[in-house]
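The values are calculated or read from the model by the stated rules, or taken from the named source; none is laboratory data. Note that the coordinates shown come from a computational prediction; the quantities given were computed from them, not determined experimentally. For neighbour counting, all protein chains shown are included, and Cβ atoms are generated from backbone atoms with ideal geometry for every residue, glycine included. Areas reflect the complete protein model, heavy atoms only, side chains present, ligands, DNA and RNA absent. Shrake-Rupley method; radii C 1.70, N 1.55, O 1.52, S 1.80 Å.
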Amino acid sequence: MKIISDIGIQIPQVYLPKPGTDLKKWAVIACDQFTSEPEYWNDVEKIVGDAPSTLNLTFPEVHLEKEGGDQRIQNIQTTMRKYMDDGVLQPRDGLIYVERTVAGKTRKGVVLCLDLEAYDYNKGSSSLIRATEGTIVDRLPPRIKIREGAAMELPHILVLIDDPNRTVIEPLSAAKAKLEKIYDFDLMLDSGHLAGYAVSEEFENKVVEALRGLAKPETFAAKYGIGKDQPVLLFAMGDGNHSLATAKAIWEKMKPQVGMDHPSRYALVEIENVHDEGLEFEPIHRVLFNLKKDLFAELKKTFGDNFSYTEVASGEAMIQKVDSADGQKQAIGLVGGGQKFGVIEIAHASSNLAVGTIQSFIDSFLKDGGAEKVDYVHGEDVVERLALQAGNVGFYLAGMHKSDLFKTVILDGALPRKTFSMGEAREKRFYMEARKIS
């Protein structure tokens, strides 16, 4: 495998299902989606049946709290080896150019490996590859357990580059007629279409040179209006932050035993340009389940005179009020919780984003036994459906503008966790490519 250490990447060897595999059954959505909607995963199981599928190689988080987790992990690891031994998965060297079309938009990406030596997920990190939001270290152990004994990785990680002149990925799009198409099919359950193309060596070199161009310290400093001594941020996490952090944690643990040339030093990801028209940042909303304390009393206790609440007539009115807030006060929509729809406003907040303000409240509310659990959901319809059930409450948040991402991370460090999502649930990355890590 070709390593290009100055920009923290490796040209991967990936494994793809052999010709004749039913790809619609093979590819399933990222394991951290639809965690409060088990009916989605029941549908996936029905569609897949006994066919070869990434469903058998990943651990949908809807099952994380259930019994039998260790057995499931064992089955995943056995199936990985079986798919390799039986030739279900076949190796192919090189970058893959990917197009994902869903809801009338097409996102473009390149599948490659990132060097975990160039990545640090800790707050205040100045590494070439950085987390964009807080990493919850407590969330890593179950993921570590799944990856640790695995023969392969199957990524749903999307990493962003800030390439306003469209020098890295878009030339592949323009030249795709010259590239070999390696897959092209409809995804299950209304999630659109996926196509992948092998990137020839000629275009691979162009991708590498374009990434080098973005990583030049003088280009970087001029783009963000900062000093030339500021460390370059080339790759910023988009989706799958905890998956990459898991890979990093395992690599740090293994490194003394296996040396620096081991495959687990790298992680397979898809990179996308933050300026891609097909890429939208969606807000991530919160739903608290089974309230045990008086939410309003706790909000008033926490925020005092800075807290105010206005009831509104409908979900549309709530959304309109939150999305058009002018920044004097932070606005957060409230659904359920004994009320129907309303808007919370917080003045003089300690976090500069509403999502950070409400997240720190939720963390302490849960710690004090205020509710059974929290889930992070996409789409106002899902917030309403879950939050209007008896005993639940939902917080609706406005989205952040994607063009602010890199500058915010460079100047302020990581954002509050679950600040934004790249698209809604059905638009998330599907598992397609695998890579050997042991």
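Just checking, which of 124, 134, 149 is modelled with pLDDT under 95, over 22 Å from the mean Cα position of the chain (by Cα) and farther than 22 Å from residue 23 by Cβ? Walk me through it before giving the result.
Working: 124 fails: over 22 Å from the mean Cα position of the chain (by Cα); 134 fails: over 22 Å from the mean Cα position of the chain (by Cα).
On inspection, the qualifying residue turns out to be 149.
Condition check: touching a strand residue (DSSP E or B) at 6+ places or on another chain (Cβ under 8 Å), of a type in the set (S, T, N, Q) and open to solvent by less than 10 Å² (accessible area, probe 1.4 Å). Does residue 306 satisfy that?
The answer is no for residue 306.
How many residues does region 45-75 contain that are touching a helix residue (DSSP H, G or I) at 6+ places or on another chain (Cβ under 9 Å) and within 18 Å of residue 146 (Cβ to Cβ)? Outline the logic, then answer.
To start, the set of residues in region 45-75 that are touching a helix residue (DSSP H, G or I) at 6+ places or on another chain (Cβ under 9 Å) comprises 45, 47-49, 51-64, 66, 69-70, 72-73, 75.
Narrowing further to those that are within 18 Å of residue 146 (Cβ to Cβ): 53-64, 66, 69-70, 72-73, 75.
Residues flagged as touching a helix residue (DSSP H, G or I) at 6+ places or on another chain (Cβ under 9 Å) and within 18 Å of residue 146 (Cβ to Cβ) within region 45-75 amount to 18.
For region 314-345: of the residues being in contact with a Ser or Thr (Cβ under 9 Å, 6 or more places away or on another chain), of a type outside the set (D, E, K, R) and under 17 Å from residue 399 (Cα atoms), which is modelled with the lowest pLDDT?
If we take residues in region 314-345 being in contact with a Ser or Thr (Cβ under 9 Å, 6 or more places away or on another chain), of a type outside the set (D, E, K, R) and under 17 Å from residue 399 (Cα atoms), then 330 is modelled with the lowest pLDDT.
Would you pick out the residues in region 354-381 that are hydrophobic (A, V, I, L, M, F, W, C), open to solvent by less than 30 Å² (accessible area, probe 1.4 Å) and either part of a helix (DSSP H, G or I) or closer than 26 Å to residue 327 by Cα (or both)?
354, 355, 358, 361, 362, 365, 377
When you scan region 398-410, how many residues do you find that are open to solvent by 40 Å² or more (accessible area, probe 1.4 Å) and in a helix (DSSP H, G or I)?
Residues flagged as open to solvent by 40 Å² or more (accessible area, probe 1.4 Å) and in a helix (DSSP H, G or I) within region 398-410 amount to 4.
With respect to residue 97, determine if the residue is under 16 Å from residue 271 (Cβ atoms), hydroxyl-bearing (Ser, Thr, Tyr) and either surrounded by 18 or more Cβ atoms within 10 Å (Cβ to Cβ) or within 20 Å of the chain's Cα centre (by Cα) (or both).
Answer is yes for this residue.
Just checking, which of 384, 433 is open to solvent by less than 30 Å² (accessible area, probe 1.4 Å), over 25 Å from residue 125 (Cβ atoms) and of a type in the set (Asp, Glu)?
433
On the basis of being within 28 Å of residue 419 (Cα to Cα) and of a type in the set (Ser, Thr, Tyr), does residue 127 make the cut?
Judged against the criteria, residue 127 is a match.
Give me a count of the residues in region 277-314 that are among the charged types (D, E, K, R), in a strand (DSSP E or B), under 23 Å from the mean Cα position of the chain (by Cα) and over 21 Å from residue 366 (Cα atoms). Before the answer, list the steps.
Step one: filter region 277-314 for residues among the charged types (D, E, K, R), giving 277, 280, 282, 286, 292-294, 298, 300-301, 305, 311.
Pick out the ones that are also in a strand (DSSP E or B) and you get 282, 286, 311.
Now narrow it down to the ones that are under 23 Å from the mean Cα position of the chain (by Cα): 282, 286.
Those still in the list that are over 21 Å from residue 366 (Cα atoms) too: 282.
Summing the residues that are among the charged types (D, E, K, R), in a strand (DSSP E or B), under 23 Å from the mean Cα position of the chain (by Cα) and over 21 Å from residue 366 (Cα atoms) in region 277-314 gives 1.
Identify all residues within region 10-34 that are under 24 Å from residue 263 (Cβ atoms) and open to solvent by 50 Å² or more (accessible area, probe 1.4 Å); write none if there are none.
If the condition is that a residue be under 24 Å from residue 263 (Cβ atoms) and open to solvent by 50 Å² or more (accessible area, probe 1.4 Å), then 13, 18 are the ones that fit.
Given the options 141, 91, name the one that is over 22 Å from residue 5 (Cα atoms), touching a residue at least 12 places away in the same chain (Cβ under 8 Å) and open to solvent by 40 Å² or more (accessible area, probe 1.4 Å).
91
Is it the case, given these coordinates, that residue 413 is of a type outside the set (Val, Ile, Thr), open to solvent by 10 Å² or more (accessible area, probe 1.4 Å) and in contact with an Asp or Glu (Cβ under 7 Å, 6 or more places away or on another chain)?
Criteria not met by residue 413.
Restricting attention to region 364-381, report how many residues are under 23 Å from residue 408 (Cα atoms) and out of contact with any Lys or Arg (no Cβ under 6 Å at 6 or more places or on another chain).
1
Assuming residue 37 fulfils every condition listed in (1) open to solvent by less than 40 Å² (accessible area, probe 1.4 Å); (2) within 23 Å of the chain's Cα centre (by Cα); (3) modelled with pLDDT of 95 or more apart from one, which condition is it?
(3)
Counting just the residues of region 183-224 that are open to solvent by 40 Å² or more (accessible area, probe 1.4 Å) and in contact with a strand residue (DSSP E or B) (Cβ under 9 Å, 6 or more places away or on another chain), which one comes out nearest to residue 37 (Cα to Cα)?
Of everything passing the filter in region 183-224, 189 is nearest to residue 37 (Cα to Cα).
Which of (1) open to solvent by less than 60 Å² (accessible area, probe 1.4 Å); (2) out of contact with any Ser or Thr (no Cβ under 9 Å at 6 or more places or on another chain); (3) within 25 Å of residue 144 (Cα to Cα) is the odd one out, the single condition residue 82 does not satisfy?
If we test residue 82 against (1) open to solvent by less than 60 Å² (accessible area, probe 1.4 Å); (2) out of contact with any Ser or Thr (no Cβ under 9 Å at 6 or more places or on another chain); (3) within 25 Å of residue 144 (Cα to Cα), just (1) comes out false.
For region 258-276, which positions are open to solvent by less than 30 Å² (accessible area, probe 1.4 Å) and of a type in the set (Val, Ile, Thr)?
Hits for region 258-276 are 269, 271, 274.
Quick check on this structure: which one of 245, 215 is touching an Asp or Glu at 6+ places or on another chain (Cβ under 9 Å) and farther than 22 Å from residue 99 by Cβ?
From the options 245, 215, the qualifying one is 215.
Have a look at 165, 122 and point out the one that is free of Cβ contacts under 8 Å to residues at least 12 places away in the same chain, assigned to a loop (DSSP other than H, G, I, E, B) and open to solvent by 10 Å² or more (accessible area, probe 1.4 Å).
Result: 165 is the single residue among 165, 122 that is free of Cβ contacts under 8 Å to residues at least 12 places away in the same chain, assigned to a loop (DSSP other than H, G, I, E, B) and open to solvent by 10 Å² or more (accessible area, probe 1.4 Å).
With respect to residue 331, is the statement that it is farther than 28 Å from residue 38 by Cα and open to solvent by less than 50 Å² (accessible area, probe 1.4 Å) true?
So residue 331 passes the test.
Given the criterion under 14 Å from residue 83 (Cβ atoms) and among the small types (Gly, Ala, Ser), identify the matching residue among 36, 53, 5. It would help to see each step written out before you state the result.
Values: 36 fails: under 14 Å from residue 83 (Cβ atoms); 5 fails: under 14 Å from residue 83 (Cβ atoms).
Matching residue, one of 36, 53, 5: 53.
Check whether at least one residue in region 53-64 is modelled with pLDDT of 95 or more and in contact with a strand residue (DSSP E or B) (Cβ under 6 Å, 6 or more places away or on another chain), and report yes or no.
No, that holds for no residue.
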